[in-house]
1. If you average 1/r across every pair of different Cα atoms in the chain and take the reciprocal, what Kirkwood value do you get, in Å?
2. Starting from the Cα gyration tensor of segment 221-262, multiply each eigenvalue by 5, take the square root, and state the resulting semi-axes largest first in whole Å.
3. Please give, to one decimal in nm, the separation of the simple spin-label points placed at residue 198 and residue 14, each 7 Å out from Cα toward the Cβ.
4. Starting from the Cα gyration tensor of segment 83-146, take the square roots of the eigenvalues, sort them a ≥ b ≥ c, and report rounded, prolate or oblate (rounded when a/c is under 1.5, otherwise prolate if a/b is larger than b/c, else oblate).
5. Would you work out the Kirkwood radius for segment 203-293? I mean one over the mean of 1/r across all pairs of different Cα atoms, in Å.
6. Can you pull the Kirkwood radius for segment 70-201, inverse mean 1/r over Cα pairs, to one decimal in Å?
7. Which three extents, in angstrom, do the Cα atoms of segment 4-82 have along their principal axes, listed largest first?
8. Between segment 211-282 and segment 109-165, what is the C-alpha centre distance in whole Å?
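What follows is calculated from the coordinates using simple rules that are stated; it is not laboratory data. Quick caveat: nothing in here was measured; it's all calculated off a predicted structure. Here the Cβ is made from the backbone with ideal geometry for all residues, glycine too, and neighbour counts use every protein chain on show.
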């Protein structure tokens, strides 16, 4: 059955004429006639009889009418249910973030949001690989990147500072006797990562020794805290771990920015809009830590 013919059938049944039904639907008399005739052809029977008082239902039409009304009611109920979901502060939101940001900054934000909106559930996905919004791998994503290459909309919040960080104890112990280009100092290595080699070469300490092979940023954080050497870390870590500081003689790298991204079709979904607004406000309150000094 061609479901586009159903509104035409119901409109003519209610109005009693093609012209009046066309006015109700905002269509034309000729279009409505074609839709009714197409429905009659599909069913193999006449649904309306023309008389002095306009169009009246045949026996077949009267038999179809309650079924058509039931179908219309079911469709309207379905539409209202879906629209209601988008208006409600309820449902699931998939959030992706890197583990460092999540472990040390997001927990209180998510806890406070959950208290405000108890019917909204957050599914948190952690990883340094970027989940694709375009491929529907996540709904909302926090990213610290130089450029956005995903089909998404969002907010660019502020620059993210990456700094050469080390413990105060390591700086006090090792820096005074270090050579001009870092001889005598140690970098905590990531292994075979070309980007790290480029960052070290461009740093104030290009000749410091690269020690260890630690591919996990959070372990870099803890090794730096323990005095194992220097590491490139987000500047905000010193706001959480005051024993860490930017190594004197270095400048923060602010080529990256912090973004909150989401799929364009989710902008009008209330639970997502509420969450994104809350998340952005919470991150903006921590702007000074992200931007660094």
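1. Kirkwood hydrodynamic radius for the chain: 24.2 Å.
2. Working from the Cα gyration tensor, I get semi-axes of 22, 13, 9 Å.
3. Modelled inter-label distance: 6.4 nm.
4. Here segment 83-146 falls in the oblate category.
5. Final number for the Kirkwood radius of segment 203-293 is 15.9 Å.
6. Hydrodynamic radius (Kirkwood, Cα only) of segment 70-201 equals 19.6 Å.
7. So the three principal-axis extents are 42, 26, 21 Å.
8. Answer, in whole Å: 12.
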